[in-house]
Amino acid sequence: MTLQDRPPLDEEAIDAITRLPKAELHLHFEGAAPPSFIRGLAKEKNVDLSGIFNADGSYAYRDFVHFLSVYEAATSVLQTPEDFARLCTAFLEECAANDVVYAETFLSPDFCGGGDVGAWREYLHAIREAAEAAEKANGITLRGIVTCIRHFGPEKAKAAALCAAETAGDWICGFGMGGDENKGKQRDFAYSYDMAREAGLKLTTHAGEWRGPEEVREAVEDLGVERIGHGVRVIGDLATVDMLIEKGVTLEVCPGSNVFLGVFPNLDQHPIDRLRERGVKVTVSTDDPPFFHTTMRREYAALAKTFRWDADVFTELNRTAMAAAFCDEETRAKVLKTIENARTA
Ligand code: HPA
Ligand code: ZN
């Protein structure tokens with residue numbers, strides 16, 4: 001149904017939509033850190049981070065590449081497993097306040113012990129303890145996707161993949177890649193992706209956020225991913241869009257991130273609705289919420305308003321997300337039940 005044929009939603013309907021239980025597949029662990037949390041740690045550790053904040057306390061950066069360097073500066077105050085555990089507790093509270101019931105988070109061994117497997121295990125242990133406590137307190141389920149960082153290069157990626165392979169299981173259930181999409185090629189990381197696949201991990205990668213449809217095709221063909229982070233610039237070539245549909249690839253779409261970073265000038269011009277109408281499996285996430293001044297409730301409200309998506313559409317998005325989630329079947333079934341129950345209640 002095209003946009004003009006859909007009835008607009010009133011404020012009450014939009015508010016109810018923002019309260020639906022949600023599944024979020026694309027959330028960078030350090031990117032979920034509120035600026036106040038990072039400032040607090042910087043103070044404790046006597047690190048001067050004043051250059052990365054605006055006068056109003058928000059993160060300050062000019063563009064995507066500068067964002068990545070501010071991100072790494074902010075991350076530099078996360079120095080111990082305990083720091084990561086505290087951050088985990090803080091951001092899961094925020095997720096739960098947004099009625100997120102299931103989230104997958106990107107964790108980089110590069111930031112957790114520099115790619116050393118022994119150190120990585122200690123970070124992971126602390127993070128999992130915090131996640132389990134949050135699950136008991138708020139009912140939110142978290143799983144981890146180990147990510148390599150594209151602009152750190154293929155050798156560092158191999159160390160990250162080894163960390164992933166060594167800790168693959170019911171909690172670390174995927175392998176992915178973030179960082180600067182304009183550096184190198186997807187296939188430069190094929191060795192790491194093969195290692196992760198052989199360890200039983202599910203695969204995703206950032207593609208088609210900055211580069212076009214060819215990058216999305218290469219992600220699928222050269223790395224064999226079943227999900228793509230963003231992928232939205234695939235809209236420039238309908239043959240590649242149809243390849244995604246044929247192969248059943250799910251897109252982890254982060255509309256607020258895309259608009260904030262200028263991938264698209266505004267939400268009206270964002271292709272998520274067109275991709276969905278054509279039959280692509282799309283889901284909705286926040287990426288790095290405090291960096292992009294967003295939350296899952298804000299994402300849902302903006303999408304409901306702009307594209308007149310009703311509660312059925314959002315429930316379908318969450319079913320799609322859980323079908324593509326990297327977790328075990330028991331967890332998938334449990335979360336799906338929560339999503340379905342909210343509609344029949
Ligand atoms: N995109 C790519 N890499 C990243 C991001 C992002 O939004 N956040 C942290 N690493
Ligand atoms: Zn991302």
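The values are calculated or read from the model by the stated rules, or taken from the named source; none is laboratory data. Keep in mind that this is a model prediction, so the values were computed, not measured. Backbone-built Cβ (ideal geometry, glycine too); neighbour counts: all protein chains shown.
Worth pointing out:
- Out of GLY40, GLY31, one residue alone is surrounded by fewer than 18 Cβ atoms within 10 Å (Cβ to Cβ) and in a helix (DSSP H, G or I). It is GLY40.
- Being touching a Leu at 6+ places or on another chain (Cβ under 6 Å) and aromatic (Phe, Trp, Tyr) holds for only one residue in PHE106, PHE111, PHE175, PHE152, and it is PHE175.
- Boolean, LEU303 is among the hydrophobic types (A, V, I, L, M, F, W, C), crowded, with 24+ Cβ neighbours inside 10 Å and touching an Asp or Glu at 6+ places or on another chain (Cβ under 9 Å): yes
- Entirely in the range 190-289, the helices (runs of 4 or more DSSP H) that have 2 or more residues that are crowded, with 16+ Cβ neighbours inside 10 Å, among the β-branched types (Val, Ile, Thr) and away from ligand 2 (no atom under 16 Å from the Cβ): 238-247
- Scope the range 30-45; condition of a type outside the set (Asp, Glu) and either touching a Gly at 6+ places or on another chain (Cβ under 8 Å) or farther than 22 Å from ASP110 by Cα (or both); matching residues: PRO35, SER36, ARG39, GLY40, LYS43
- Entry remark, the range 145-172: residues being surrounded by fewer than 23 Cβ atoms within 10 Å (Cβ to Cβ), within 16 Å of ligand 2 (Cβ to nearest atom) and not in a helix (DSSP H, G or I) number 1 in total.
- Being of a type in the set (Asp, Glu) and free of Cβ contacts under 8 Å to residues at least 60 places away in the same chain holds for only one residue in GLU277, GLU226, GLU246, and it is GLU246.
- Where GLY178 falls short, out of the listed (1) within 16 Å of ligand 1 (Cβ to nearest atom); (2) closer than 17 Å to LEU107 by Cβ; (3) without any contact (Cβ under 8 Å) to a residue 60 or more places away in the chain: (3)
- The set of residues from the range 24-43 being away from ligand 2 (no atom under 16 Å from the Cβ) and in contact (Cβ under 8 Å) with a residue 24 or more places away in the chain comprises PRO34, PRO35, PHE37, ILE38, LEU41, ALA42.
- In the range 280-294, residue farthest from ligand 1 (Cβ to nearest atom) [restricted to those that are β-branched (Val, Ile, Thr) and closer than 12 Å to LEU25 by Cα]: VAL282
- Residues being within 16 Å of ligand 1 (Cβ to nearest atom) and touching a strand residue (DSSP E or B) at 6+ places or on another chain (Cβ under 6 Å) - total across the range 19-51: 7
- Matching option when the condition is modelled with pLDDT of 95 or more, more than 16 Å from ligand 2 (Cβ to nearest atom) and either assigned to a helix (DSSP H, G or I) or in contact with a Leu (Cβ under 9 Å, 6 or more places away or on another chain) (or both), among ALA74, ALA85: ALA85
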